[in-house]
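Below is one structure; the comments refer to it alone.
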Amino acid sequence: MQNVLKRYFGYASFRPLQEEIIRSVLAGRDVVVLMPTGGGKSLCYQVPALMREGTAVVVSPLISLMKDQVEGLQANGIPAAALNSMNDEAENVRVRTACLRGDVKLLYISPERLMLEIPYLIRDMRVSLFAIDEAHCISQWGHDFRPEYAQLGLLRQTFPGVPIVALTATADRLTREDIQKQLRLSDPEVFVSSFDRPNLSLDVRRGYQKKDKDRAILSLIARHGDDCGIIYCMSKKTTESVADMLCGHGIMAAAYHAGLPPEVRERVQDDFIHDRLQVVCATVAFGMGIDKSNVRFVIHYNLPKSIEGFYQEIGRAGRDGLPSETVLFYSLGDLVQLSRFAQESGQREINMEKLRRMQEYAESDVCRRRILLNYFGEHTDKDCGNCDVCKNPPQRFDGTVLAQKALSAIVRTDGQASARVVTDILRGNFSPEVLKGHYEALKTFGVGRDVPARDWQDYLMQMLQNGLFEIAYDEGNHLKLTDAGRQVLYKGKEVRLAVIRREEKQPPRRGRKAAGPVVASTLFSGRQDARPAASAPRRQELFEALRALRKQLADAQGFPPYIVMSDKVLQNLCEACPTTVEEFGTVSGIGDFKKQKYGKDFVEVIKRFV
Ligand code: ADP
Ligand code: ZN
């Protein structure tokens with residue numbers, strides 16, 4: 001096992017559970033693997049596939065996922081192939097012949113195709129194991145149910161003696177149990193790894209308005225140099241306006257949503273995978289089928305509907321295990337809108353509950369990672385040190401008077417005003433709604449002029465969370481005082497509010513690089529273990545040089561750059577600075593094949609820096 005790991009994948013040791021899982025498969029058992037995205041699921045069936053005789057058949061729901069896996073394996077010199085509708089007939093004939101001859105170690109196939117091929121190809125081949133990737137697609141409980149997966153239940157009976165490995169990143173218990181049941185696995189061994197992704201930083205910014213968000217995003221991207229990222233937005237329109245804003249600042253960005261023609265969507269996805277686009281501004285339609293390992297940041301421009309969705313989306317960052325950044329913008333407007341959607345949806349109770357849990361995360365006073373892990377049933381008593389709460393604990397102040405002003409405005413409008421109108425009243429704005437309700441005559445008109453509107457929005461959100469008023473979603477989102485609110489307004493009960501923080505720095509403009517210092521990847525900033533071989537700034541230059549070489553080699557072969565080498569491997573190279581092909585081959589992530597194929601080119605560049 002160790003030999004295969006080193007020789008083909010260039011890794012010195014297994015990650016937690018990988019070794020146990022592989023042993024179990026080699027012993028011929030059925031296995032269920034639950035690991036988060038980036039946890040290293042693929043090796044759990046790829047290593048046994050290389051060690052057992054015959055061909056491993058891997059079921060995968062999407063052609064793009066198959067393509068990625070096959071290219072990745074081939075890039076390591078492993079004979080892998082895919083059978084799918086994208087191949088032409090000649091290609092399919094070639095793949096089948098190779099499979100029958102036993103020349104293919106891993107065959108990727110869609111579930112419907114597998115069913116068609118069972119009586120012909122699969123029966124005549126020597127199958128070493130079945131791997132069911134994205135196995136949650138078989139369960140109606142999951143979020144990605146695919147009817148074609150249902151037929152996979154036949155496999156167990158049809159191929160006795162061939163182990164089945166089911167893999168998924170979906171953690172919840174119902175789905176997990178359903179997978180075993182639907183696949184009719186015989187006494188499977190179930191492996192559940194931690195769903196923590198310690199390399200993802202967690203950050204929530206509250207009460208930002210559009211301008212603040214844009215500024216924060218530009219400054220984050222500037223900090224990241226050429227690194228790639230995804231910005232998730234609630235609406236199609238927002239994906240487009242954010243992409244336009246970024247393009248206006250010289251950033252290679254594009255929008256992605258279900259309303260675009262398929263060829264445009266495909267091109268955006270492809271450009272992103274090949275590092276031709278830096279940022280994709282997308283709705284939740286984007287992501288499944290993206291195995292790109294060097295996504296360095298994921299931003300949520302709007303509040304997501306549920307923690308499941310949120311965790312899956314941020315999970316697309318940092319698959320290579322390197323530090324990656326996630327930011328969630330949280331605002332009252334989003335909360336109101338999502339609550340309305342949830343109220344109007346068919347599953348009102350469930351969706352409201354999911355939104356409440358999401359809100360809890362966004363408003364948490366304790367380590368955010370603990371909230372997330374807790375949600376997935378993992379309990380820890382340690383703070384993570386990599387979320388905004390841990391790094392910068394929220395400060396509170398006595399906000400009683402502030403709250404009373406707002407509550408008083410709510411009462412004086414007889415519960416007929418929305419948060420925006422209440423803000424107008426507090427700020428003393430003669431807006432059309434204010435004039436229509438004659439609110440300019442109220443005693444509270446203008447009493448909150450000293451507080452910016454965006455801060456009022458945030459304080460109102462906090463007050464909502466404290467239960468001081470409710471929002472009548474079925475009645476124009478009007479605010480209604482609650483008993484708790486009356487306690488504050490009439491009895492002077494104390495309210496503690498969180499201090500609002502904002503990042504006010506003006507980001508540098510891009511597109512005129514010569515004017516300022518070249519910004520490189522953030523991967524090196526703050527690292528203290530720089531070796532004399534290449535000091536930090538030097539190392540950044542080396543990293544950029546290696547990244548450029550990787551792009552050149554990738555383009556020449558039509559591969560995405562991360563298939564040639566992940567960011568992690570580039571970083572390993574910057575640390576080890578190998579100057580011979582032999583040394584190059586000892587770097588983690590470089591197997592025999594890549595050593596032979598790329599060693600000379602990389603060593604040549606590295607030598608210039610040492
Ligand atoms: P998943 O399918 O669970 O999302 P992958 O199988 O794509 O994750 O693995 C994520 C990354 O981790 C890949 O870059 C992979 O090469 C790397 N990886 C997996 N196992 C190991 C290991 N034992 N040592 C080092 N890197 C590993
Ligand atoms: Zn934390």
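Those residues that are open to solvent by less than 10 Å² (accessible area, probe 1.4 Å) and part of a loop (DSSP other than H, G, I, E, B), I need them from the stretch 588-601; list them, please. Give the steps one after another, and end with the answer.
Keep residues of the stretch 588-601 that are open to solvent by less than 10 Å² (accessible area, probe 1.4 Å), which gives 589-591, 598-599.
Answer for the stretch 588-601, where residues must be open to solvent by less than 10 Å² (accessible area, probe 1.4 Å) and part of a loop (DSSP other than H, G, I, E, B): GLY589, ILE590, GLY591.
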task = Quick one: which residue in ARG357, ARG368, ARG340 is of a type outside the set (S, T, N, Q), touching a strand residue (DSSP E or B) at 6+ places or on another chain (Cβ under 6 Å) and away from ligand 1 (no atom under 16 Å from the Cβ)?
result = ARG368
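May I ask you to verify whether ARG368 is surrounded by 19 or more Cβ atoms within 10 Å (Cβ to Cβ) and in contact (Cβ under 8 Å) with a residue 40 or more places away in the chain?
yes
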request  = Please indicate, with yes or no, whether at least one residue in the stretch 258-273 is of a type in the set (Gly, Ala, Ser), over 30 Å from LEU373 (Cβ atoms), part of a strand (DSSP E or B) and more than 16 Å from ligand 1 (Cβ to nearest atom).
outcome  = no
inquiry  = From the list SER235, SER186, SER194, exactly one residue is within 30 Å of LEU154 (Cα to Cα), in contact (Cβ under 8 Å) with a residue 40 or more places away in the chain, open to solvent by 20 Å² or more (accessible area, probe 1.4 Å) and among the polar types (S, T, N, Q). Which is it?
reply    = SER186
request  = Starting from the stretch 540-551, take each residue that is open to solvent by less than 50 Å² (accessible area, probe 1.4 Å) and list its partners that are of a type in the set (Val, Ile, Thr), counting only C-beta distances under 6 angstrom and pairs at least six apart or across chains.
outcome  = ALA545/VAL605; LEU549/VAL605; ARG550/VAL564
note = When (1) of a type outside the set (Phe, Trp, Tyr); (2) buried (at least 22 other Cβ atoms within 10 Å of the Cβ); (3) under 16 Å from ARG29 (Cβ atoms); (4) under 30 Å from the mean Cα position of the chain (by Cα) are applied to PRO163, the one that fails is (4)
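Just wondering, is there one or more residues in the stretch 111-118 that are in contact with a Gly (Cβ under 9 Å, 6 or more places away or on another chain) and either closer than 30 Å to GLN312 by Cα or aliphatic (A, V, I, L, M) (or both)? Can you show your working first?
Just the residues of the stretch 111-118 that are in contact with a Gly (Cβ under 9 Å, 6 or more places away or on another chain), to begin with: none.
Scanning the stretch 111-118 turns up no residue that is in contact with a Gly (Cβ under 9 Å, 6 or more places away or on another chain) and either closer than 30 Å to GLN312 by Cα or aliphatic (A, V, I, L, M) (or both).
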request  = Go through the stretch 98-133 residue by residue and tally those that are surrounded by fewer than 16 Cβ atoms within 10 Å (Cβ to Cβ) and within 16 Å of ligand 1 (Cβ to nearest atom).
outcome  = 0
key: GLY309 being more than 16 Å from ligand 1 (Cβ to nearest atom) and either in a helix (DSSP H, G or I) or under 20 Å from LEU464 (Cα atoms) (or both)   = yes
task = Quickly run through the stretch 201-257 and pick out the residues that are within 20 Å of ALA317 (Cβ to Cβ) and of a type in the set (D, E, K, R).
result = ASP203, ARG205, LYS213, ARG223, ASP226, ASP227
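For the stretch 75-86, give me each residue that is open to solvent by 40 Å² or more (accessible area, probe 1.4 Å) and at pLDDT below 95. Give the derivation first.
As a first pass, look at the stretch 75-86 and keep what is open to solvent by 40 Å² or more (accessible area, probe 1.4 Å): 79, 85-86.
SER85, MET86, listed by residue number.
Being surrounded by 18 or more Cβ atoms within 10 Å (Cβ to Cβ) and in a helix (DSSP H, G or I): is that true of VAL95 here?
Working: surrounded by 18 or more Cβ atoms within 10 Å (Cβ to Cβ): yes; in a helix (DSSP H, G or I): yes.
Yes, satisfied.
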request  = Could you run through the stretch 454-473 and say how many residues are without any contact (Cβ under 8 Å) to a residue 60 or more places away in the chain and surrounded by fewer than 19 Cβ atoms within 10 Å (Cβ to Cβ)?
outcome  = 4
key: Enumeration of residues in the stretch 406-431 that are in contact with a Ser or Thr (Cβ under 8 Å, 6 or more places away or on another chain) and among the hydrophobic types (A, V, I, L, M, F, W, C)   = ALA409, VAL421, VAL422, ILE425, LEU426
key: Matching residues, the stretch 552-587, being assigned to a loop (DSSP other than H, G, I, E, B) and surrounded by fewer than 18 Cβ atoms within 10 Å (Cβ to Cβ)   = GLY558, THR579, THR580, GLY585, THR586
query = With respect to ARG319, is the statement that it is in a loop (DSSP other than H, G, I, E, B) and open to solvent by 50 Å² or more (accessible area, probe 1.4 Å) true?
reply = yes
task = Considering every residue within the stretch 331-353, establish whether at least one is closer than 24 Å to SER418 by Cα, open to solvent by less than 50 Å² (accessible area, probe 1.4 Å) and assigned to a strand (DSSP E or B).
result = no
task = Pull up the stretch 15-41, narrow it to residues that are open to solvent by less than 30 Å² (accessible area, probe 1.4 Å) and free of Cβ contacts under 8 Å to residues at least 60 places away in the same chain, then point me to the one that is farthest from ligand 2 (Cβ to nearest atom).
result = ILE22
query = Which residues, counting only those in the stretch 279-289, are β-branched (Val, Ile, Thr) and open to solvent by 10 Å² or more (accessible area, probe 1.4 Å)?
reply = THR283, VAL284
ask   = In the stretch 42-74, how many residues are surrounded by 24 or more Cβ atoms within 10 Å (Cβ to Cβ) and in a loop (DSSP other than H, G, I, E, B)?
value = 1
query = Would you say SER364 is out of contact with any Cys (no Cβ under 8 Å at 6 or more places or on another chain) and modelled with pLDDT of 95 or more?
reply = no
ask   = Would it be correct to say that ARG205 is crowded, with 17+ Cβ neighbours inside 10 Å, assigned to a strand (DSSP E or B), touching a residue at least 40 places away in the same chain (Cβ under 8 Å) and basic (Lys, Arg)?
value = yes
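The values are calculated or read from the model by the stated rules, or taken from the named source; none is laboratory data. On a predicted model such as this, the values are computed, not experimentally measured, just so you know. Glycine also receives a Cβ, built like all others from the backbone with ideal geometry; neighbour counts cover every protein chain displayed. Heads up: the accessible areas ignore ligands, DNA and RNA and are worked out on the full protein's heavy atoms, side chains in. Shrake-Rupley method; radii C 1.70, N 1.55, O 1.52, S 1.80 Å.
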